[in-house]
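Have a look at the structure below before the remarks.
The values are calculated or read from the model by the stated rules, or taken from the named source; none is laboratory data. Computed from a predicted structure; not experimentally measured. Note: ideal-geometry Cβ built from the backbone for every residue, glycine included; neighbour counts use all protein chains shown.
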Amino acid sequence: MIELSNIKKAFNQNQPNEYWALHGIDLTVEAGKVTAFRGPSGSGKTTLLTIVGCLSRPTSGRVRFKGEDISGLPERFLTDIRRQSFGFVFQQFNLIKGLSALENVILPAFPTGRPRAELVAAAGELFDQLKLGHRSAAKVEWLSGGEQQRVAIARALINNPEVIIADEPTANLDTALSKEFMAILEGFTAAGKTVLLTSHDPLVVESSAVHRVVGMRDGRLVDG
Amino acid sequence: MRIWLEKQRHLIDFTLASLARRKTKNIGLLLAYTLLVFVLASLTLFTHALRTEATFVLAGSPEVILQRMVAGRHDLIPPGYLDKIGRIRGVQKKEGRLWGYYYDPVLNANYTFMARPADEVADGHIMVGNALARERGLDKHNTISFRSYSGKLFTFEVSAVLSPDSELLSADLVLLSENDFRSFFEYPAGHYTDIALSVANPQEVRTVAAKLSSALPDSRPILREEVLRTYQSVFDWREGIILTVLAGAILAFAILAWEKASGLSAEEKREIGILKAIGWETGDVIRMKTWEGLLISLTAFLLGFIAAYVHVFHFGAAVFEPVLKGWSVLYPKFTLVPAVDGLQIATLFFFTVFPYTAAVLVPIWRAAITDPDAVMR
Amino acid sequence: MLFQPAIIALLMAAGVAVLMLLAAAPFAVQVIRHWDINSGSERQLALERRTYLFSTLLSFVMLAQLAALLLFVFNADRLSVMFVGAMCAVGTLNVNGYGFPSLLTQIAVFFLAAMWLAINHVDTQARDYPLVRIKYGLLLLLLPVLVSSFWLEFQYFSALKANVITSCCGSMFSEESKTIAAEASGLEPLPAIWLFYGAMAAAIGVALWHWRRGGRVSGYLLALTSAGGFVAAITGVLSFISLYIYEHPHHHCPFCILKPEYDYQGYWLYIPLFVATAAGLGAGAMQPFARVPSLARIIPAISSRFSGLTAAGYILFTALATWFVLTSNLILIEH
């Protein structure tokens, strides 16, 4: 589904503090599976995730998504692909304060121009699935950590993407909530979605819900 | 098209919510913006109202006024002058006018005395302007005495107070009969102050004037259209000068807008980063921010303009009166006839919304190009 | 006569537009020199992001130009009292030789900006941005037009001297001041009617043809008939449409129809006309690039949509003009 070949990524190019986060990554991600990237912080796993998720472009190397080369695409088109095909769950949840849970969830669909009524109905369904129905009108800052994460998950799903990308999803959760998250994850696989996540939480990488673990260190792949 | 509309609706929804969340920051800008619109709108509404008033007043005055010149100074029209003009094609009516100024030590003000035909004002009676009547506490059937320049005391009965509709020009006016006028000022018999001619066809006015100056080389014809033009030009010029003086304020406002737009709080930056990460395109963010600017502009414009309207037409433009009016001690106190026109609103729009938009354009773009992966770093 | 509110506003708007584009020009040069779509370098990313600034800037310039055009005409109309012999905007614009050239360049700036935006629009639909260099080259070409528009406007306004009473005398007429051509002149009504309906039929026909079939030839033709249609439409307004609206056989004025006295009928005519012409010219402007591989499918789709707009605009314009003529009480041509 996603093929990476010789991906390199530099920050602050041509400046004294130039820094290469990735040094040539070759990787193929299978559709319908859960792949976890494991490695210490600074190993480049988040950078790799941003490239896979069309959030940024590699400095060199090729990214193929469903057979199409997307590595040289301008931001405008990457955004289109990202909006249609990828859903994101961030470590800090990154919900917009002051808006209700419902408003946060339907935000990614605004640029698509889908009618509001349709969006609200879709969000309602997701809330029911995630057992959040009663909290949809609440401002996000009033929600508990677990609830916030479920709002973030609902937001990731609103455009019905094929791939879910989660960056350290359990970093801010206790054991019970982390287990709950893993259960939701299994639901994704059952629905045929591809999941990519980064984590160094053993609860996640050793879970049976994860099909493949890819190890990373210093911007290179190492054996999981 | 439908999708596009729906999308704009979403963007406006989001913008409104986001403005509401940052009330304090936006209220400061909105206030400054509204104040600017208020000041500029008051200024233009006021000058426009004065222009309208002047046009209105002049509409009733004769098309051509003929003055006699002696040594480059305005002099009396000698007897027989009227007949010398003879018949000129296009002139409907010609009449000698009598008017002059009278200094009233009671009010330290100059009045304009003007003679009217006997069928309008009877001997021993006067009609007075509204401001004068107010200041001297006059009403119909009251009597008032003026000491003439020769020292004689004349007493008149007020037969009417002039309608306040055109107070700008009639404020200090005193109308009296021709006989009274001549005896009050000891005006030589047969002489007139000037000659008024009415010309029906506006296209003939200039021909008539040319004939007059060739028939009477020692005279100067003054055309109504020229007086009107001069008034307009003077008002425009004053307005323009004040606007130029206010350019500093506009610039300061533009800088404020620039600063507000570029000084995004960490919270706002994060929000834009989130929006971009979850699938908003740079163009979407620019559009959202444009809506924000538009909403702020329209609100400020509406508020400022309404406030200015109330200020000018209900409170008589208290702030600008001394600058733009004032050629006489007797201030005409008049409620201006509300007059608003498209050109003014368009000009005002250019003076306020245009600088604002130009100032926030680059900051908006800067905010919109936030890296979409910033939130994951 | 620069101290006039609307004049200050107009000069400020034109000046700001010029300054903004001038400030942006070096960046356009950078885009031309360093653009490399295949590179993932940070410089390329920065350049890509800069393109958003330019399209926003140009949209702003185009909208501001449209508003300024209206203000310019309004103001000319208002100022006509100031000049001997000027009855309306036409007279004011004729006061000196810069008036009409200034108006025409402003119209040109509007249409050129519209054409640039049309090219920009198709380019941003293609995944490889194939026209970036051409686009920014064109942008740099637009700059001198904008500068000359500003210069003409400045010359025009600074040479305006109101015929105000001077201290010496009020007798301007005695010196036989040069008379302003107070009225625009038009063609004789009958040939004008033929020209008008002929050009409109051609513009609408070509627009419909391009809308249905696409193709480069009809695309170029569309630009041509749109430009011709615009000229013919203005000639038509001058020569007979305005006469019918004013119900006066000699008042040839393209501006007075914008006034409230005539129920703002001019807006109903000019808005469809300007939109239609801008869309037609835009569709034509993108034709030279129709063979670029990544645009081969995009351009026909978009230009046919544009030509739909052109056809609709001209149909509306012609229908309204015809209606104004038919409902008028003026009889210009005896049957």
task = Scan (1) part of a loop (DSSP other than H, G, I, E, B); (2) closer than 23 Å to residue B:196 by Cα for the single condition residue B:180 breaks and write down its number.
result = (1)
key: helices (runs of 4 or more DSSP H) fully within the range A:84-175 counting 2 or more residues that are modelled with pLDDT of 90 or more and of a type in the set (Gly, Ala, Ser)   = A:116-129, A:145-157
query = Has the range C:232-245 got at least one residue that is surrounded by fewer than 18 Cβ atoms within 10 Å (Cβ to Cβ), in contact with a Ser or Thr (Cβ under 8 Å, 6 or more places away or on another chain) and either on the phi < 0 side of the Ramachandran plot or outside any helix (DSSP H, G or I) (or both)?
reply = no
ask   = What is the residue count in the range C:93-111 for residues that are under 24 Å from residue C:284 (Cβ atoms) and part of a loop (DSSP other than H, G, I, E, B)?
value = 0
request  = Filter the range A:6-52 down to residues that are surrounded by fewer than 17 Cβ atoms within 10 Å (Cβ to Cβ) and assigned to a loop (DSSP other than H, G, I, E, B), then give me how many there are.
outcome  = 14
remark   = Over the range A:15-37, the set of residues of a type outside the set (Phe, Trp, Tyr) and touching a Lys or Arg at 6+ places or on another chain (Cβ under 8 Å) is A:21, A:22, A:23, A:24, A:25, A:30, A:32, A:33, A:34, A:35, A:36
query = Looking at B:251, B:212, which is the one that is farther than 21 Å from residue B:58 by Cα, facing another protein chain (nearest Cβ under 10 Å) and touching a helix residue (DSSP H, G or I) at 6+ places or on another chain (Cβ under 9 Å)?
reply = B:212
ask   = Do we have residue C:63 as at pLDDT 85 or above, within 10 Å of another protein chain (Cβ to nearest Cβ) and over 27 Å from the mean Cα position of the chain (by Cα) here?
value = no
query = Could you count how many residues in the range A:58-110 are more than 29 Å from residue B:265 (Cα to Cα) and among the hydroxyl-bearing types (Ser, Thr, Tyr)?
reply = 4
key: Candidates C:32, C:8, filtered to the one that is at the interface with chain B (Cβ under 9 Å from one of its Cβ atoms) and among the β-branched types (Val, Ile, Thr)   = C:8
inquiry  = Regarding the range C:281-298, can at least one residue be identified that is in contact (Cβ under 8 Å) with a residue 12 or more places away in the chain, within 28 Å of residue B:344 (Cα to Cα), buried (at least 22 other Cβ atoms within 10 Å of the Cβ) and not polar (S, T, N, Q)?
reply    = no
inquiry  = So residue A:79 passes all but one of these: (1) in a loop (DSSP other than H, G, I, E, B); (2) buried (at least 18 other Cβ atoms within 10 Å of the Cβ). Which condition number does it fail?
reply    = (1)
message = Can you tell me how many residues within the range C:49-69 are in contact with a helix residue (DSSP H, G or I) (Cβ under 6 Å, 6 or more places away or on another chain), closer than 19 Å to residue A:77 by Cα and touching a residue at least 12 places away in the same chain (Cβ under 8 Å)?
response = 3
request  = For residues that are modelled with pLDDT under 80 and either within 16 Å of the chain's Cα centre (by Cα) or among the acidic types (Asp, Glu) (or both), tally how many sit in the range B:53-82.
outcome  = 6
key: Condition check for residue A:112: within 17 Å of residue A:165 (Cα to Cα) and hydroxyl-bearing (Ser, Thr, Tyr)   = no
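This table checks each residue for (1) touching a residue at least 12 places away in the same chain (Cβ under 8 Å); (2) over 30 Å from residue B:234 (Cβ atoms); (3) surrounded by fewer than 20 Cβ atoms within 10 Å (Cβ to Cβ).
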site	(1), (2), (3)
B:1	no, yes, yes
B:12	yes, yes, yes
B:21	no, yes, yes
B:24	no, yes, yes
B:28	yes, yes, yes
B:33	yes, yes, no
B:56	yes, no, yes
request  = Output yes when any residue across the range B:305-314 is among the aliphatic types (A, V, I, L, M), crowded, with 23+ Cβ neighbours inside 10 Å and modelled with pLDDT under 90, and no when none is.
outcome  = yes
Residue list for the range A:45-99, restricted to those being of a type in the set (Val, Ile, Thr), in contact with a strand residue (DSSP E or B) (Cβ under 7 Å, 6 or more places away or on another chain) and facing chain B (nearest Cβ under 10 Å) = A:46, A:47, A:51, A:81
task = Considering only the range A:118-151, state which residues are within 11 Å of chain B (Cβ to nearest Cβ) and farther than 25 Å from residue B:283 by Cβ.
result = A:139
ask   = Out of curiosity, is residue B:356 closer than 30 Å to residue C:18 by Cα and modelled with pLDDT of 90 or more?
value = yes
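Matching residues to (1) facing another protein chain (nearest Cβ under 10 Å); (2) out of contact with any Gly (no Cβ under 8 Å at 6 or more places or on another chain):
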{"site": "C:67", "(1), (2)": "yes, yes"}
{"site": "C:84", "(1), (2)": "yes, yes"}
{"site": "C:88", "(1), (2)": "no, yes"}
{"site": "C:91", "(1), (2)": "no, no"}
{"site": "C:94", "(1), (2)": "no, yes"}
{"site": "C:100", "(1), (2)": "no, yes"}
{"site": "C:103", "(1), (2)": "no, yes"}
{"site": "C:106", "(1), (2)": "no, yes"}
Flag if residue B:89 is closer than 30 Å to residue B:243 by Cβ and basic (Lys, Arg) = no
task = Go through (1) more than 30 Å from residue C:82 (Cβ to Cβ); (2) facing chain C (nearest Cβ under 10 Å); (3) surrounded by fewer than 21 Cβ atoms within 10 Å (Cβ to Cβ) one by one and return the number of the condition residue B:285 breaks.
result = (3)
query = Does the range B:205-242 hold any residues that are assigned to a helix (DSSP H, G or I) and more than 27 Å from residue B:46 (Cα to Cα), and which are they?
reply = B:205, B:206, B:207, B:208, B:209, B:210, B:211, B:212, B:213, B:214, B:215
message = Testing residue B:274 on (1) buried (at least 18 other Cβ atoms within 10 Å of the Cβ); (2) at pLDDT 85 or above; (3) in contact with a Phe, Trp or Tyr (Cβ under 7 Å, 6 or more places away or on another chain); (4) within 13 Å of another protein chain (Cβ to nearest Cβ), one condition comes back false. Which one is that?
response = (3)
inquiry  = With among the hydroxyl-bearing types (Ser, Thr, Tyr) and without any contact (Cβ under 8 Å) to a residue 24 or more places away in the chain as the only criterion, which of B:177, B:159, B:213, B:219 stands out?
reply    = B:213
note = Contact list, first residue from the range B:81-102 and under 30 Å from residue B:145 (Cα atoms), second anywhere and of a type in the set (Asp, Glu) and not in a loop (DSSP other than H, G, I, E, B), beta-carbon distance below 7 Å, six or more apart or interchain, is B:97/B:194; B:98/B:178
request  = Could you list all residues from the range B:340-361 that are within 15 Å of residue B:262 (Cα to Cα) and facing chain C (nearest Cβ under 7 Å)?
outcome  = B:357, B:358, B:361
